[in-house]
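Quick notes on the structure that follows.
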Amino acid sequence: VQLQASGGGLVQPGGSLRLSCKGSGGTFTDMGWYRQAAGKQRELVATISSDGSTNYADSVKGRFSISRDHAKNTIYLQMNSLKTEDTAVYYCEGERIVTRLVYWGQGTLVTVSS
């Protein structure tokens with residue numbers, strides 16, 4: 001069972017990026033994105049349940065959007081109006097249906113800088 005995150009990169013403030021996280025080897029219920037900036041603890045960014053219900057950190061509400069494609073076993077994070085404080089390694093996470101075990105992707109670096 002694996003989660004593979006991709007889509008990070010360097011973007012200027014005010015720009016956009018779209019992260020993807022593809023699951024393999026299993027089907028997931030709740031999935032989400034977390035981030036960890038240098039010297040800080042990992043924090044929740046957004047989550048999405050199997051029925052599509054979403055939850056966002058206050059710091060990203062109105063700017064980020066999480067979605068999922070069940071057929072592709074993939075979740076996405078559309079990030080708009082990016083700020084320098086959004087710079088972090090972004091991790092996807094998912095709870096497998098059968099075992100209820102939680103899996104983490106390897107992380108993808110997002111750098112917001114001019």
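Could you list, in sequence order, the residues of region 1-16 that are open to solvent by 30 Å² or more (accessible area, probe 1.4 Å) and not hydroxyl-bearing (Ser, Thr, Tyr)?
Passing the criteria: Val1, Gln2, Gln4, Gly7, Gly8, Leu10, Gln12, Pro13, Gly14.
Looking at Leu19, is it open to solvent by less than 20 Å² (accessible area, probe 1.4 Å), closer than 17 Å to Gln2 by Cβ, under 15 Å from the mean Cα position of the chain (by Cα) and not small (Gly, Ala, Ser)? Even if it seems obvious, please write down each step before you answer.
Values: open to solvent by less than 20 Å² (accessible area, probe 1.4 Å): yes; closer than 17 Å to Gln2 by Cβ: yes; under 15 Å from the mean Cα position of the chain (by Cα): yes; not small (Gly, Ala, Ser): yes.
In short, yes.
Please work out which one of (1) in a loop (DSSP other than H, G, I, E, B); (2) within 10 Å of the chain's Cα centre (by Cα) is the condition Gln78 fails and give its number.
(1)
Quick check on Arg18: is it touching a helix residue (DSSP H, G or I) at 6+ places or on another chain (Cβ under 9 Å) and either in a strand (DSSP E or B) or touching a residue at least 12 places away in the same chain (Cβ under 8 Å) (or both)?
The answer is no for Arg18.
Give the residues of region 97-108 that are assigned to a strand (DSSP E or B) and crowded, with 17+ Cβ neighbours inside 10 Å, sorted by residue number. Steps first, please.
As a first pass, look at region 97-108 and keep what is assigned to a strand (DSSP E or B): 102-104, 108.
Of everything in region 97-108, those that are assigned to a strand (DSSP E or B) and crowded, with 17+ Cβ neighbours inside 10 Å turn out to be Tyr103, Thr108.
Within region 31-42, identify whether any single residue is open to solvent by 30 Å² or more (accessible area, probe 1.4 Å), touching a Leu at 6+ places or on another chain (Cβ under 8 Å) and not basic (Lys, Arg), and answer yes or no.
Within region 31-42, one or more residues are open to solvent by 30 Å² or more (accessible area, probe 1.4 Å), touching a Leu at 6+ places or on another chain (Cβ under 8 Å) and not basic (Lys, Arg).
The values are calculated or read from the model by the stated rules, or taken from the named source; none is laboratory data. Computed from a predicted structure; not experimentally measured. Please note: Cβ atoms are built from the backbone with ideal geometry, for glycine as well, and neighbour counts cover all protein chains shown. These area figures cover heavy atoms from the full protein model, side chains too; ligands, DNA and RNA do not enter into them. Shrake-Rupley method; radii C 1.70, N 1.55, O 1.52, S 1.80 Å.
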